[in-house]
Amino acid sequence: MSFPSTELLEAVGPLPKGLKAGVWDISGEPVGVELDEIDVAIFPYMANISMLKGIGRARNLKLAQTQTTGFDGVHDLLGPDVAVATAAGVHAAATAELAVGLAIASLRGIGESVRDQATSHWNPRRWPGLADRRVAIVGVGGIGEEIRKRLEPFEVEMSRFGTRARTDEHGEILAIGDLLCHAKDIEVLILIVPHNTSTHHLVDAELLAALPDDAVVVNVARGPVVDTDALVAELRTGRLRCASDVYDPEPLPADHPIWALPNALIVPHNGGNTEAFLPRMTALLKRQLVAWANGTEPENLVLKS
C-alpha cells in the first residue's frame, strides 16, 4: 500500500502484520514500494483530479482511500475495478464550525469590519445577526447533522432539506426538490450536499432570485452546487450576500469578479483543514489498516469493485 507522505505514514505508526507500505504522492515515483505492489493507495489531501492521473500506473490497485469526504470524479478516474473509501466523519466538526462561522461573519459584517480596519475607518452599523434568522441546511448527512447541532444554541428558525421528505428524531426533513418553493422563507442558505448530477447548479438564477433580500448563501459543499455566474450577477445587485468556502472554478482566478464584491466573503476551501485533521485522519487510517490486513470491509466504502 502507499501513503501520500512520510508524515502520514509515521503518524499512523507500526503497520499490522502482513502489510507493506511505501510513500507515493501519485504524481511522482513511489519510495519503499514498487508500483505493481500497490493494491491500496491513500490519496493526498485536497488533490484535484488532474494531480491524480498518475494513479493508472498502479496496475494492480484494488482500493483508493481519499482524505476528503467528497469523491467527485474519482470513480471515473479509477474505473469500475477499483473500490473507493472516503474520509467521511474526519472533517465533520471542522466543516460544521466553518459553516456556522461564515454565517455569523456575514450576518455581523465581519468582512466589512476587516476592510474598514485596513483604512482605520470607524464604521458602526446595525447588522442582522444570526439570532431569529430562518436558516435552511441543505444536506442532512454527517456534516449537515454537525451543523444542525451547532446552530441549535443560536436561537434560529431551522429547516432541513434532504434527498426525500421524511421525519427523523430531530423533526421534519423537507425534500431538496421542493427547495425553490421554500426559498422565499430562507434568510440563510447553508449548502452541504455532495456534487453530482442532481445537485449540479442546484442553486441557480431562479433559486437565487426567489431568496429574500439580504439572504446569505453559505456554501461548504462543492463549488458547482452553485451556478457561479448566476451568484455573481445577483451579488452585483447588492440584494444578496455570500460567505463560501468552495467555488467554481477553484482556485478562483485573480481576475474573477467575485473577489471585488464587498458582499462576498471568500474562504479558500479550508473547511476541513484544521489541526484536528491529522489526528482524526490518523485514527481512521489505523482502523482501515486493521480492516485491510484482515481482509474485511473498510469504513466509508462508497464504491465497491
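The values are calculated or read from the model by the stated rules, or taken from the named source; none is laboratory data. Everything numeric here is computed off the predicted structure, so don't read it as measured data. Ideal geometry is used to build each Cβ from the backbone, glycine not excepted, and the neighbour counts take in all protein chains shown. For the accessible areas, the whole protein counts, side chains as well, though only heavy atoms, and no ligand, DNA or RNA atoms are used. Shrake-Rupley method; radii C 1.70, N 1.55, O 1.52, S 1.80 Å.
A viscosity of 0.890 mPa s and a temperature of 25 °C, combined with the Kirkwood radius over C-alpha pairs in the Stokes-Einstein formula, give the range 158-305 a diffusion coefficient of 140 µm²/s.
When a/c reaches 1.5 or more, the comparison of a/b and b/c decides; with that in mind, is the range 260-305 rounded, prolate or oblate per its Cα gyration tensor? Here the range 260-305 falls in the oblate category. Summary: within the chain, the longest segment free of trypsin sites (Lys or Arg not before Pro) located in DSSP loops with at most 13 other C-beta atoms within 10 Å is 165-303.
Helical content alone sets the calculated 222 nm signal of the chain at -8000 deg cm²/dmol, taking -39,500 (n - 2.57) per DSSP H segment of four or more residues and averaging over every residue.
Each part reduced to its alpha carbon centroid, the range 179-239 and the range 58-109 end up 21 Å apart. Count Lys and Arg as plus one, Asp and Glu as minus one, and take only other residues whose Cβ is under 12 Å from that of Trp127; the net charge is then +3.
How high is the relative contact order of the range 15-127, in percent, with contacts defined as C-alpha pairs under 8 Å that are six or more residues apart? This gives 17 percent for the range 15-127. For the range 94-238, the equivalent ellipsoid built from the Cα gyration tensor has semi-axes of 26, 18, 14 Å, listed from largest to smallest. Spatially, the range 14-51 and the range 241-282 are offset by 28 Å when compared through their Cα centroids.
Once you divide the Cα radius of gyration of the chain by 2.2 N^0.38 Å, the number left is 1.09.
The angle between the Cα long axis of helix 142-151 and the longest principal axis of the Cα atoms of the chain comes to about 40 degrees, rounded to the nearest 10.
Seen from Asp36, the other residues with C-beta closer than 14 Å to its C-beta sum to a net charge of 0, counting Lys and Arg as +1 and Asp and Glu as -1.
Comparing Asp36, Asp81, Asp255 in a Gaussian network model of the chain where C-alpha atoms under 10 Å apart are linked, the largest mean-square fluctuation is found at Asp255.
Within a straight-line Cα-Cα reach of under 30 Å, Lys286 can be paired with the following lysines, leaving aside sequence neighbours fewer than 8 residues apart in one chain: Lys17, Lys20, Lys53, Lys62, Lys149, Lys304.
Each residue was assigned an accessible area with a 1.4 Å probe, and for Asp76 the value is about 140 Å².
Give me the angle, in degrees from 0 to 90, between the Cα long axis of helix 277-294 and the longest principal axis of the Cα atoms of the chain, rounded to the nearest 10. The angle comes out near 40 degrees. Taking every Cα-Cα distance in the range 1-150 and sorting them into 10 Å bins starting at zero, the pair-distance distribution P(r) comes out as 10, 29, 22, 18, 14, 7, 1 percent. Each DSSP beta bridge with both residues in the chain is either parallel or antiparallel, and the antiparallel ones are about 15%.
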